[in-house]
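Inspection log for the structure reproduced underneath, given as structure tokens.
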Amino acid sequence: MKILIVGGGGREHALAWRLRQSPNVKALWASPGNPGIAQLATCIPAPMGVAAYADLADALGVELTVVGPEAPLVAGIVDEFRRRGLRIIGPTQAAARLEGSKIFAKQFFKRAGIPTARSEQVANFDEALSSLKNFSRPVVIKADGLAAGKGVVVALNRREAETAIQKLGPHLVIEEFLEGEEVSFIGLSDGNALVPFVPAQDHKRLLEGDEGPNTGGMGAYVDSRILTEQESGVIMERIMLPTLARMRTEGTPFTGFLYAGLMMTADGPKILEFNVRLGDPETQAILHNYQGDLAELLRMPGDVKRPNAAGCSVCITLAASGYPDAPRSGDTIQGIEEAEATGATVFHAGTKLVDGRLVTNGGRVLSVTAGGDTLKAAIDKAYLAARKIHFDGMHYRKDIGQKGLKRWTEDRAYRAGGTAPDL
């Protein structure tokens with residue numbers, strides 16, 4: 001196949017990296033791409049608008065287009081491609097409202113009977129302030145529209161809640177805070193079936209110990225121990241498949257990548273939000289761990305069994321000075337070759353070339369990703385590689401994957417008297 005990737009971040013670099021390994025890929029383009037992707041695919045400047053992307057795919061003779069970021073999906077790129085008879089992975093504009101509008105999503109959860117947090121939807125500042133009295137603290141404030149992963153504030157008190165309302169409003173979701181552990185559950189759907197990937201866990205907060213402001217994601221890991229088979233089955237039966245069924249009933253069948261951000265509560269899994277594309281940085285860890293032909297999966301998801309995975313993978317986000325509020329650009333990046341010499345893979349997220357120098361060009365600059373037979377081995381390998389890289393102001397969390405280590409010490413075989421897993 002001739003494949004076009006829409007996007008230019010770490011997620012898209014991971015897609016290009018995995019697709020380039022497929023014998024089914026004849027040619028690979030990315031728009032706009034980045035310096036890392038350029039080593040694997042032909043990069044083309046991003047055209048203006050969804051119609052221009054369709055023109056590009058048509059002119060190149062592209063047989064399949066894969067959309068990375070959410071904005072083109074919400075803008076209707078899939079509708080435009082299908083109108084022209086061009087194959088593309090993603091949901092229609094109507095189905096993309098699951099991510100494009102938090103208010104629509106909460107109303108959809110209610111119609112579909114999908115377990116979620118209690119919430120109220122408001123349209124202005126006064127309604128939001130009035131709604132606060134119906135929730136204890138902490139309380140979750142969510143912007144209605146797209147916010148690049150930074151449209152959610154967990155307010156610990158009234159003052160923080162009012163500040164969040166002013167910042168994120170006027171259209172908001174006010175939501176109860178759920179206790180538990182977050183899980184990213186991502187699958188690929190043809191509108192009827194869903195092929196799930198290995199579960200992942202994202203690290204949204206800027207600082208260790210889940211402190212600081214929300215970000216687009218400071219790292220992620222994949223490990224089959226994140227969910228038991230029973231828990232995965234419950235998620236499929238109560239959340240993923242009912243979503244697909246309800247979307248079909250409402251005349252907006254969902255195709256493409258469906259990402260469920262879940263909270264594993266004492267009452268079972270509850271949906272926090274849906275994304276209508278692959279996550280970032282989850283994709284880097286998932287595809288690094290993936291065992292199989294990704295092009296084949298994209299070509300016929302309904303006919304492919306659940307993707308195989310081996311061991312664990314860990315992705316560490318190296319962020320620019322000032323991220324997430326005011327990231328600085330233009331700092332020289334050094335050490336990528338040394339990092340990859342350790343066996344890790346470095347995905348470019350926010351980089352560019354200036355006079356032959358690789359420099360920072362965004363808040364999340366690089367995604368250092370490594371695998372291992374155990375989670376501890378993957379963590380150690382990823383951090384060894386991350387320490388080889390330098391740019392002024394570089395910062396990253398030092399605790400990516402630490403939550404998962406306890407699952408290894410609590411392994412069922414160990415608690416039943418078997419041999420303790422090798423940490």
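The values are calculated or read from the model by the stated rules, or taken from the named source; none is laboratory data. As the structure is a computational prediction, the values presented were derived from the model and not from experiment. Virtual Cβ from ideal backbone geometry, glycine too; neighbours counted across all protein chains shown. Please note that ligands, DNA and RNA were not included when accessible areas were found on the heavy atoms of the full protein model with its side chains. Shrake-Rupley method; radii C 1.70, N 1.55, O 1.52, S 1.80 Å.
Annotations
- Pair list, Cβ under 7 Å, 6 or more apart: the stretch 101-114 residue over 18 Å from G169 (Cβ atoms) and outside any loop (DSSP other than H, G, I, E, B), other residue open to solvent by less than 20 Å² (accessible area, probe 1.4 Å) and modelled with pLDDT of 95 or more: F108/L98; F109/I271; A112/T243
- Condition met for T345 (surrounded by 16 or more Cβ atoms within 10 Å (Cβ to Cβ), touching a His at 6+ places or on another chain (Cβ under 9 Å) and β-branched (V, I, T)): yes
- Residue selection: G216 fails the criterion of being of a type in the set (G, A, S), modelled with pLDDT under 95 and in contact with a Leu (Cβ under 8 Å, 6 or more places away or on another chain).
- Figure legend. Inter-residue proximity from the stretch 271-290: first residues touching a residue at least 12 places away in the same chain (Cβ under 8 Å), second residues surrounded by fewer than 22 Cβ atoms within 10 Å (Cβ to Cβ) and part of a loop (DSSP other than H, G, I, E, B), beta-carbon distance below 6 Å, spacing 6+ or different chains. Indicated pairs: I271/I114; Y290/P307.
Residue-wise test of (1) modelled with pLDDT of 95 or more; (2) in a loop (DSSP other than H, G, I, E, B); (3) open to solvent by 30 Å² or more (accessible area, probe 1.4 Å).
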{"position": "D380", "(1), (2), (3)": "yes, no, yes"}
{"position": "K388", "(1), (2), (3)": "yes, yes, yes"}
{"position": "K398", "(1), (2), (3)": "yes, yes, yes"}
{"position": "A413", "(1), (2), (3)": "no, no, yes"}
{"position": "T419", "(1), (2), (3)": "no, yes, yes"}
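For (1) in a helix (DSSP H, G or I); (2) loosely packed, with under 15 Cβ neighbours inside 10 Å; (3) charged (D, E, K, R), each residue gets a yes or a no:
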{"site": "A38", "(1), (2), (3)": "yes, no, no"}
{"site": "A46", "(1), (2), (3)": "no, no, no"}
{"site": "Y53", "(1), (2), (3)": "yes, no, no"}
{"site": "T65", "(1), (2), (3)": "no, no, no"}
{"site": "P72", "(1), (2), (3)": "yes, no, no"}
{"site": "F81", "(1), (2), (3)": "yes, no, no"}
{"site": "G85", "(1), (2), (3)": "no, yes, no"}
{"site": "A94", "(1), (2), (3)": "no, no, no"}
{"site": "E99", "(1), (2), (3)": "yes, no, yes"}
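- Subset of the stretch 239-267 [open to solvent by 20 Å² or more (accessible area, probe 1.4 Å) and in a helix (DSSP H, G or I)]: L241, P242, A245, R246, R248, T249
- Scan of the stretch 23-33 for residues that are open to solvent by less than 20 Å² (accessible area, probe 1.4 Å) and of a type in the set (S, T, N, Q), ordered by number: S31
- Test for R299: is it more than 28 Å from E208 (Cα to Cα) and at pLDDT 95 or above: no
- In the stretch 385-401, the residues that are in contact (Cβ under 8 Å) with a residue 24 or more places away in the chain form Cβ pairs under 7 Å with partners that are open to solvent by 30 Å² or more (accessible area, probe 1.4 Å) and among the aromatic types (F, W, Y), at six or more places apart or across chains, as follows: A386/Y396.
- Conditions (1) among the acidic types (D, E); (2) out of contact with any Ser or Thr (no Cβ under 6 Å at 6 or more places or on another chain); (3) closer than 30 Å to K110 by Cα; number of the one not met by E282: (2)
Results for (1) open to solvent by 40 Å² or more (accessible area, probe 1.4 Å); (2) of a type in the set (K, R), shown as yes or no for each residue.
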| site | (1), (2) |
| --- | --- |
| A117 | no, no |
| N124 | yes, no |
| D144 | no, no |
| N157 | yes, no |
| K167 | yes, yes |
| F177 | yes, no |
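- Scanning the stretch 148-166 for residues that are in contact (Cβ under 8 Å) with a residue 24 or more places away in the chain and more than 21 Å from F274 (Cβ to Cβ) returns R158, A161, E162, I165, Q166.
- Any hit, the stretch 338-350, residues being among the β-branched types (V, I, T) and farther than 21 Å from I186 by Cβ: yes
- Residues located in the stretch 3-22, provided they are open to solvent by 40 Å² or more (accessible area, probe 1.4 Å) and either under 19 Å from R277 (Cα atoms) or modelled with pLDDT under 95 (or both): W17
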